[in-house]
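Structure record follows, encoded as structure tokens.
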Amino acid sequence: MPRAAVSERVRLADPANDSVAAAQPSDDPRHFWLNTFAAVRGETERRAALLSPEDQVIQSMPDASPTKWHRAHVTWFFEQFLLRPFAPDYKPFDARFAFLFNSYYVAAGPRQARPQRGLITRPNAAEVAQYRAHVDAAVSALIESAENLGTLIPIIEIGLNHEQQHQELLLTDILHAFSFNETHPAYDPDWQWPQTAREGQAAGASLAGIHMIGHGDGGFCFDNEQPAHQVVLRPVRLAPSLVSNGEWLEFMADGGYTTPTLWLSDGWATVETQCWEAPGYWRKVDGVWHAMTLGGLRRVDAATPVCHVSYYEADAFARWSGKDLPTEGEWEVAAKSGVLNDAFGIVWQWTRGAYTPYPGYKAAPGALGEYNGKFMVNQMVLRGSSLATPAGHSRASYRNFFYPSARWQFSGLRLAEYEH
């Protein structure tokens with residue numbers, strides 16, 4: 001695919017499409033799932049196609065994974081949870097791959113230590129492509145022949161949504177790796193920052209009262225988006241627009257990174273330890289701030305939303321501005337009400353919601369129950385989606401979560417202001 005087309009695909013997310021199965025026809029489900037499976041699997045390969053075999057093996061930190069590992073892991077997911085249980089004639093491509101490409105599913109067996117994924121030089125990138133083709137053929141044959149397709153669809157669907165998550169991680173992780181290269185390589189030289197809304201209300205609509213949040217409609221969702229439940233909102237206005245680089249430069253100029261009273265204790269300790277003085281990937285070149293992007297090193301544009309900031313930084317900025325970060329409920333209600341510009345497809349937005357289970361949440365039994373539930377501690381929730389989120393993978397109830405110091409994701413913020 002031409003680079004411009006890849007860049008366009010990376011930039012677009014479609015919040016109107018609730019999941020990869022949103023448009024499923026009722027008359028020919030096999031045809032639909034074959035096409036959907038091929039489309040999602042093809043998108044992973046399109047994103048990887050701009051990278052060399054050397055690019056695909058690098059692991060720049062324990063929290064990131066090599067591109068080659070992402071491609072193989074999502075393939076193992078279908079092999080482990082779909083083909084092994086439901087395709088009795090399936091023969092694994094290589095039984096040893098289960099150890100290499102399991103991630104954190106303890107119930108599924110032993111696995112390579114996460115910080116050592118970059119040591120997996122074999123299989124090489126070409127062999128991973130063969131592995132993907134082997135599993136793709138087996139999954140397609142299963143979809144075409146299975147008499148119990150209704151039983152398989154939920155597993156296929158979570159596998160595809162899982163792969164879309166890794167499509168996003170593929171970009172965030174390679175950008176982190178490229179940020180250490182002083183030649184400033186571009187993932188896609190034609191990449192451009194997504195268009196953002198340039199006009200909006202001076203202040204968002206006021207929200208208050210009792211509202212339902214969580215996924216309560218039809219279509220796919222992850223288990224951490226349920227059960228839907230009521231929340232009570234005090235009167236609040238969310239900024240219609242995201243915080244911009246220009247506003248962040250004002251924060252920096254006013255001593256934002258040198259004023260400890262603006263920061264949570266852990267945040268200030270991180271500022272001192274990590275020597276933060278600007279968002280992630282920012283650096284000065286001849287006295288001018290530049291940022292590493294998917295298009296290489298580029299001058300910071302004051303008009304675009306700030307990106308690659310941690311929860312600690314977002315919280316400090318909110319305190320400096322005299323405002324707050326929104327709660328999860330406030331953000332979701334505002335997004336569903338249509339009062340937010342750029343709610344989706346630009347940057348993930350920090351909330352001040354701790355990643356904990358919703359009231360009544362229960363993890364699914366078995367290894368798939370490890371998908372979300374066991375991570376519900378010590379992390380903060382982000383809402384929306386980002387420029388790296390694949391099309392069709394956004395919805396207002398989606399709960400992304402990271403540790404408060406993380407900033408290699410495409411993460412930004414919008415502010416909330418309470419009415420007195």
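Here, the range 233-296 has an Rg and a Dmax of 14.7, 47 Å when only alpha carbons are counted.
For the chain, the Kirkwood hydrodynamic radius comes to 22.4 Å, computed from all pairs of different C-alpha atoms.
For the chain, what is the calculated [θ] at 222 nm in deg cm²/dmol (nearest 500), taking -39500 (n - 2.57) for each run of four or more DSSP H residues and dividing by its residue count? It would help to have the intermediate numbers written out before the result.
Details: 10 runs with 137 residues, N = 420.
Helices in the chain give a 222 nm mean residue ellipticity of -10500 deg cm²/dmol.
The convex hull drawn around the Cα atoms of the range 94-133, when projected onto a plane and averaged over every direction, covers 3.0 nm².
For Arg352, the amide hydrogen comes within under 5 Å of the amide hydrogens of Thr327, Glu328, counting only partners 5 or more places away or on other chains and with H modelled in the peptide plane. Taken over the range 136-191, the percentage of Cα pairs per 5 Å bin, counting from 0 up to the bin with the maximum distance, is 4, 15, 16, 16, 10, 9, 10, 9, 6, 3, 1, 0.
Take 131-138, 285-292 and order them by the average number of nearby Cβ atoms within 10 Å per residue, most first; the result is 131-138, 285-292.
Can you give the local net charge around Ser265? Use residues other than it whose beta-carbon is closer than 12 angstrom to its beta-carbon, Lys and Arg +1, Asp and Glu -1.
Working: positive: none; negative: Asp266, Glu272, Asp315.
With Lys, Arg at +1 and Asp, Glu at -1, the neighbours total -3.
Need the list of lysines near Lys362 for cross-linking: C-alpha distance under 26 angstrom, and skip anything on the same chain fewer than eight residues off. Cα-Cα hits under 26 Å: Lys336, Lys374. Pairwise inverse Cα distances across the range 300-420, averaged and inverted, put the Kirkwood hydrodynamic radius at 15.2 Å.
Given a 1.4 Å probe, how much area per residue of the range 276-338 is accessible, in Å²?
Values: 2270 Å² over 63 residues.
With all protein chains present, the range 276-338 gives 36 Å² per residue.
With q set to 0.14, 0.21 Å⁻¹, the log10 of I(q)/I(0) for the range 128-277, from the Debye formula over equal scatterers at the Cα positions, is -1.25, -1.31. Taking 7 Å steps out from each Cα toward its Cβ at Ala49 and Arg96 produces label points 3.1 nm apart.
Each residue, Tyr104 and Arg299, gets one label point 7 Å from its Cα in the Cβ direction; the gap between the two is 4.1 nm.
Other residues within the sphere of radius under 14 Å centred on the Cβ of Ile143, judged by their own Cβ, net out at -3 (K and R +1, D and E -1).
For the range 167-252, the Cα-based Rg and Dmax, in that order, read 19.5, 53 Å.
Could you tell me what a quarter of the Cα convex hull surface of the range 96-203 works out to, in nm² with one decimal place? Answer in nm², one decimal: 12.9. Taking packing as the residue-averaged number of other Cβ atoms within 10 angstrom, the listed peptides 303-311, 54-62, 361-369, 349-357 run from highest to lowest as 303-311, 349-357, 54-62, 361-369.
Between the range 327-345 and the range 93-140, the alpha-carbon centres lie 38 Å apart. Under 23 Å of direct C-alpha separation, and excluding same-chain neighbours fewer than eight residues apart, Lys68 reaches these lysines: Lys91.
First compute the accessible area of the range 216-315 with a 1.4 Å probe, then give the percent of it belonging to carbon and sulfur atoms.
Ligands and nucleic acids excluded, carbon and sulfur give 47 percent.
In the range 238-372, inverting the average of 1/r over every pair of distinct C-alpha atoms gives 16.9 Å as the Kirkwood radius. Roughly how many nanometres apart are two label points built 7 Å out from the Cα toward the Cβ at Gln116 and Thr356? Output for this residue pair reads 3.7 nm.
The values are calculated or read from the model by the stated rules, or taken from the named source; none is laboratory data. Fair warning: this is a prediction, and the values are worked out from it, not measured in the lab. Heads up, the Cβs are rebuilt from the backbone with ideal geometry, glycines too, and the neighbour counts pull from every protein chain shown. Ligands, DNA and RNA are stripped out before the accessible areas are found, and what is left, the full protein with its side chains, is counted by its heavy atoms. Shrake-Rupley method; radii C 1.70, N 1.55, O 1.52, S 1.80 Å.
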